[in-house]
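J.: Here it is: the structure, laid out below.
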Amino acid sequence: MTPSLGEAHSSMKVPKNAAWWKKFLAFVGPGYLVAVGYMDPGNWATDIAGGSQFGYTLLSVILFSNMMAVVLQSLAGKLGIVTGRDLAQACRERFSAPVVMMLWILCELAIAATDLAEVIGSAIALKLLFNIPMLYGVIITAVDVLLILVLQNKGFRALETLVIVLMATIALCFGIDLFLAKPDMGGVLHGFVPSTEILQNPAMLYIAIGIIGATVMPHNLYLHSSIVQTRQIEQTTQGKREAIRYTTLDSTIALTLALFINAAILIVSAAVFHSAGMTQVAEISDAYHLLTPLLGTTIASVLFGVALLASGQNSTLTGTLAGQIVMEGFLNIRIPAWLRRLVTRLIAIIPAVIVTAIAGERGTEELLILSQVILSLQLPFAVIPLVMFTSDKKSMGPFANKLWLKTVSWIIAAIIVVLNVYLIIQTIMLF
């Protein structure tokens with residue numbers, strides 16, 4: 001089977017007989033492309049709402065969802081390294097044509113929903129920073145297609161480098177905002193300890209499930225299983241074992257950075273809004289406008305807006321790759337990357353433009369929430385096949401999930417299914 005992202009497959013050399021840290025640096029990159037999806041604009045609304053309403057309590061949920069993500073992404077990376085197939089290709093090999101077609105349609109919907117969140121997030125950032133009307137901001141975001149085309153021509157490492165720089169920008173912005181917010185460190189540490197109140201309070205549980213639904217991204221599992229194959233590794237048991245070790249370390253470190261950023265959004269919201277009695281702040285734009293008067297400096301709001309813009313653009317880059325991988329993997333259809341990007345962008349921009357023109361800014365905020373629900377619908381259809389394939393001794397050989405990992409993986413899959421069904425039902429009731 002022809003590998004996805006053929007132009008980048010095995011394009012990056014891994015030094016042989018080198019120090020471990022040199023080998024590890026050769027594997028650094030894919031984890032950060034994956035981590036981008038765990039801090040996209042879709043996460044911001046749930047983190048802001050959680051912090052303003054319930055203080056630091058839901059930090060334990062962010063930690064829990066991040067731990068689930070670490071396990072699932074390690075499985076995705078292992079699948080790609082061991083079998084030489086990404087998750088979409090593995091589905092096409094194992095399932096019947098109707099099932100494959102259904103999985104592809106669901107995945108395309110999820111990617112369109114992700115792209116929609118990025119479009120809206122970037123448009124909100126442009127309005128907040130430069131006072132560009134939302135409608136124009138949505139249209140401007142289509143131009144980033146050109147940026148992706150330039151980067152793809154410069155090689156995969158250029159793409160990875162830009163993503164890491166943008167992630168560092170987001171981390172720096174929120175690091176400064178954290179310092180300005182002066183959170184209660186005792187409260188922060190206590191927030192990372194799970195509380196039974198989360199399960200007993202329906203409003204808290206709803207936002208907690210929203211955080212989980214917005215954190216674990218289905219398209220990232222397809223993405224990771226493909227981009228780990230950009231490294232040239234020895235196709236031996238030892239070579240694959242080494243690649244799995246470094247790939248897992250890469251994604252774990254990157255997801256830890258994503259954990260810091262997601263936690264920082266909630267902590268700033270809790271320290272600034274909840275402590276001031278503003279428990280109803282849930283909109284990204286409201287948070288931006290309230291930071292300056294509450295903290296007494298405009299730099300806090302500016303940094304918030306810059307981080308949001310960087311988040312939207314970063315997610316755009318990885319969403320493009322995921323779309324290409326999914327189409328090639330499920331359908332074995334290869335179209336030019338620029339055409340694929342244009343189609344994906346139009347699917348996201350058209351509803352955003354219509355809603356912005358008709359319902360205004362509030363409508364786009366609701367559209368952002370709806371995009372997260374669509375992602376929730378797709379998640380079980382990505383997680384369950386992933387756990388199935390990586391537990392199969394026939395295709396994975398000595399790398400098949402051990403009993404403990406198989407148990408943990410199926411528990412995570414069950415939790416995701418149950419919580420996402422609950423989230424969908426509750427959201428439908430709200431609408």
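The values are calculated or read from the model by the stated rules, or taken from the named source; none is laboratory data. Quantities reported herein were computed from a predicted structural model and do not represent experimental measurements. For neighbour counting, all protein chains shown are included, and Cβ atoms are generated from backbone atoms with ideal geometry for every residue, glycine included. SASA here: full protein model, heavy atoms, side chains in, ligands and nucleic acids out. Shrake-Rupley method; radii C 1.70, N 1.55, O 1.52, S 1.80 Å.
J.: Would it be correct to say that Val36 is part of a helix (DSSP H, G or I) and open to solvent by 10 Å² or more (accessible area, probe 1.4 Å)? If you could, list the steps in order and put the result at the bottom.
T.: Details: part of a helix (DSSP H, G or I): yes; open to solvent by 10 Å² or more (accessible area, probe 1.4 Å): no.
Taking the combined requirement at face value, the residue does not satisfy it.
J.: Restrict the check to segment 109-116 and report whether at least one residue is open to solvent by 20 Å² or more (accessible area, probe 1.4 Å), at pLDDT 90 or above and over 15 Å from Val353 (Cβ atoms).
T.: Looking through segment 109-116, none of the residues is open to solvent by 20 Å² or more (accessible area, probe 1.4 Å), at pLDDT 90 or above and over 15 Å from Val353 (Cβ atoms).
J.: Looking only at segment 406-431, count how many residues are aromatic (Phe, Trp, Tyr), under 23 Å from the mean Cα position of the chain (by Cα) and farther than 25 Å from Ser226 by Cα. Before the answer, list the steps.
T.: Start the filter on segment 406-431 by keeping residues that are aromatic (Phe, Trp, Tyr), which leaves 410, 422, 431.
Filter once more, keeping what is under 23 Å from the mean Cα position of the chain (by Cα): 410, 422.
From what is left, the residues that are farther than 25 Å from Ser226 by Cα are 422.
Total satisfying the criteria: 1.
J.: Within the group Gln235, Gln229, Gln280, which residue is of a type outside the set (A, V, I, L, M, F, W, C), without any contact (Cβ under 8 Å) to a residue 40 or more places away in the chain and either within 30 Å of Leu106 (Cα to Cα) or not in a helix (DSSP H, G or I) (or both)? Steps first, answer last, please.
T.: Working: Gln229 fails: without any contact (Cβ under 8 Å) to a residue 40 or more places away in the chain; Gln280 fails: without any contact (Cβ under 8 Å) to a residue 40 or more places away in the chain.
None of the others qualify; the one that does is Gln235.
J.: Say we look at segment 85-103 and pick out the residues that are of a type outside the set (Phe, Trp, Tyr) and under 15 Å from Asp392 (Cβ atoms); which of these is surrounded by the most Cβ atoms within 10 Å (Cβ to Cβ)? Walk me through how you get there before you give the answer.
T.: Kept after step one, since they are of a type outside the set (Phe, Trp, Tyr), are these residues of segment 85-103: 85-94, 96-103.
Imposing the further condition that a residue be under 15 Å from Asp392 (Cβ atoms) reduces the set to 85, 87, 89-91, 93-94.
On the way: Arg85: 23, Leu87: 31, Gln89: 25, Ala90: 24, Cys91: 25, Glu93: 14, Arg94: 15.
Only one residue fits best here, namely Leu87.
J.: Right, something else. Counting just the residues of segment 376-405 that are part of a helix (DSSP H, G or I) and exposed (fewer than 15 other Cβ atoms within 10 Å of the Cβ), which one comes out nearest to the chain's Cα centre (by Cα)?
T.: Trp404
J.: How many of the residues making up segment 182-204 are at pLDDT below 90 and open to solvent by less than 80 Å² (accessible area, probe 1.4 Å)?
T.: Summing the residues that are at pLDDT below 90 and open to solvent by less than 80 Å² (accessible area, probe 1.4 Å) in segment 182-204 gives 5.
J.: Can you tell which of Ile62, Ile105 is at pLDDT 85 or above, within 16 Å of the chain's Cα centre (by Cα) and either of a type in the set (Val, Ile, Thr) or on the phi > 0 side of the Ramachandran plot (or both)?
T.: None of the other options fit; the residue is Ile62.
J.: Have a look at Leu317, Leu257, Leu294 and point out the one that is open to solvent by 40 Å² or more (accessible area, probe 1.4 Å), farther than 30 Å from Ala97 by Cβ, among the hydrophobic types (A, V, I, L, M, F, W, C) and modelled with pLDDT under 85.
T.: On the way: Leu317 fails: open to solvent by 40 Å² or more (accessible area, probe 1.4 Å); Leu257 fails: modelled with pLDDT under 85.
Just one listed residue meets the conditions, Leu294.
J.: Conditions: (1) assigned to a loop (DSSP other than H, G, I, E, B); (2) crowded, with 24+ Cβ neighbours inside 10 Å. Ala8 meets all but one. Number of the miss?
T.: Unmet for Ala8, out of (1) assigned to a loop (DSSP other than H, G, I, E, B); (2) crowded, with 24+ Cβ neighbours inside 10 Å: (2).
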